[in-house]
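Read-outs: derived from the displayed coordinates by stated rules, not from any lab. Quantities reported herein were computed from a predicted structural model and do not represent experimental measurements. So basically every Cβ, Gly included, is an ideal-geometry build from the backbone, and we count neighbours across all protein chains shown.
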Amino acid sequence: MKRLIHYIIGIACWAHVTPTLAQERSLLDSLHYRTELQATVATGDHSPLWLNANRHGMSSLKTANGFVRAALCRPLALDDRRRWGIGYGADVAVAAGFTSTLVVQQAYVEGRWLKGVLTLGAKEQAMELKNPELSSGSQTLGINARPVPQVRLALPDYWTIPHTRGWLALKGHIAYGRTTDDGWQKDFVGPTARFTEGTLLHTKAGYLKIGPKRVTLELGLEMAAQFGGKSHYDKDGDGRRDVIDNEGGLKALWHAFVPGGSGADESGSNYQNADGNQLGSWVMRLNIDQPAWNLGLYADHYFEDHSSMFMLDYNGYGEGAEWNQKKESRFFLYDLKDIMLGAELRLKQVGWLSNVVVEYLYTKYQSGPVYHDRSPHISNHLGGQDDYYNHHLFTGWHHWGQVMGNPLYRSPLYNADGNIRVTNNRFVAWHLGISGQPARPLHYRLLATWQSALGTYAEPLPERQHNLSLLAEASWRFPLGWQVRGSIALDRGRLLGDNFGVQVSIVKSGILAK
């Protein structure tokens, strides 16, 4: 925490001593500021889902929580007229009922040359191909958890490929970082439960846009890996934790970028997985733009290994003494069942109903209920039971107890048994989001989510559990940058319990002109 505070102070000092880089604008001119006071009160076991989820981890499950937050930033957009640009920001909160009292939500500095952007530090990154206000969230690179400090090189806006007559454009990023929740994990876990420390994070994504006019198709691949650090877990089931040093150094960085190597606990084993916790999504979106409306149809297929990434796995091993040798060109084909399908309709001339989002999410298959690797007795290979968002060495796809993907996968923060794992990753869900602006200062949004859950393959729920989560939210903008936002939300069902909550926020934002 001290290092993060020193980092923020360093950013401010660096900006202060840097001279004016051009006559029309300096690094201390036109700074954007935002202050917020938020309070949440709820009844039930915890605050409702949609008062907690998809807020970049700036939220809490406690029935009484709140924060005072202040942010100051220099957007890169201030240098749009230059070939280069510089931006920085700091965003800090003092919270009650959160996982920590002092929250350094963002602290970063970034530079742009032409269209490429290099970011150093923790910054909230936007979700791609989905509406961040109305969607239930991306399955890989979502907006549900606190940002991870990282080095990130990105092409954030589409760059048109030369000599394609505007038909092809690219964007994407590559990043390496380190998680900051070691202390929270140690405080949360039970006596022998798994936790990790010093975990490194790698993400990358690439998107291709086809079509220059009113009909465009966006195709993308999002991937992530958790690697490095130490894993503490009860390997032998003898009631004590073993410590495993995961692969580090340049080799680990490379194996995170191109999945390879083997798990730190698999040395000498015939059954070796790629090093680290590897995961990702195939994503796509079809956009139809008309003068009065815009329709987007999108899909998000999540995967954790080859069986779900390519829906294909090698299955041509020999028999007997050749049980571990590849003998035939034979493969096992998996079904394409696990997927998010969504539609977003934007009405350009209807203020009271401007956006409608509908999503369907199915995650029950996970390459099937059977996992069997080749053996001297049975040579067939079946790679099922993928156990989404969980891992046998790492605690899974989460940060500070909140999943880093879609919040309908129940985050570890909900667990009362001291285990850091996602206990519900097999479910079917329907989600609806609506927003509008009936008057110039008034904006509203409505969310409704129904979920039918089965738990996990390893720990199924005794019976199917259902859940309904609702949110109604409205905000009113006043002169001089003031805004008041009020929200009411509820959960009903056995999965999350019966919860009801009210949340009020007062925001003041503006620009500090030099």
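See the values below:
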item	result
Pairwise centroid distance, computed over Cα atoms, of the stretch 282-319 with the stretch 57-134, Å	29
Neighbourhood net charge (13 Å Cβ-Cβ; Lys/Arg +1, Asp/Glu -1) for residue 295	+2
Restricting the stretch 313-375 to chymotrypsin sites (Phe, Trp or Tyr not before Pro) in coil, as DSSP defines it, with at most 16 other Cβ within 10 Å	323, 352
Simple spin-label estimate for residue 26 and residue 494 in nanometres, 7 Å along Cα-Cβ	6.6
In degrees, nearest ten, helix 2-17 long axis to first principal axis of the chain (Cα)	40
Shape call, the stretch 176-327: gyration tensor on alpha carbons, a/c limit 1.5	oblate
16 Å Cα-Cα reach of residue 186 towards aspartates and glutamates, excluding residues that sit fewer than 8 places from it in its own chain	197, 234, 242, 417
Gain in span if fully extended, residue 182 to residue 373, counting 0.36 nm per residue against the direct Cα distance	65.4 nm
Neighbourhood charge, 13 Å Cβ-Cβ cut-off, centred on residue 96 and excluding it, Lys, Arg +1 and Asp, Glu -1	+2
Helix-only mean residue ellipticity at 222 nm for the chain, each DSSP H run of n ≥ 4 adding -39500 (n - 2.57), per residue, nearest 500	-2000 deg cm²/dmol
Restraint check, 230/251; 204/230; 62/364; 130/171, Cα-Cα greater than 20 Å	204/230; 62/364
Electrostatic dipole magnitude of the chain [Cβ: Lys, Arg +1; Asp, Glu -1; Cα centre; debye, to 20]	2180
Estimated inter-spin distance, residue 333 and residue 164, nm [label 7 Å along Cα→Cβ]	3.0
Net lengthening on full extension, residue 364/residue 257 (0.36 nm per residue, minus Cα-Cα)	35.7 nm
The chain, relative contact order [Cα under 8 Å, separation at least 6], %	14
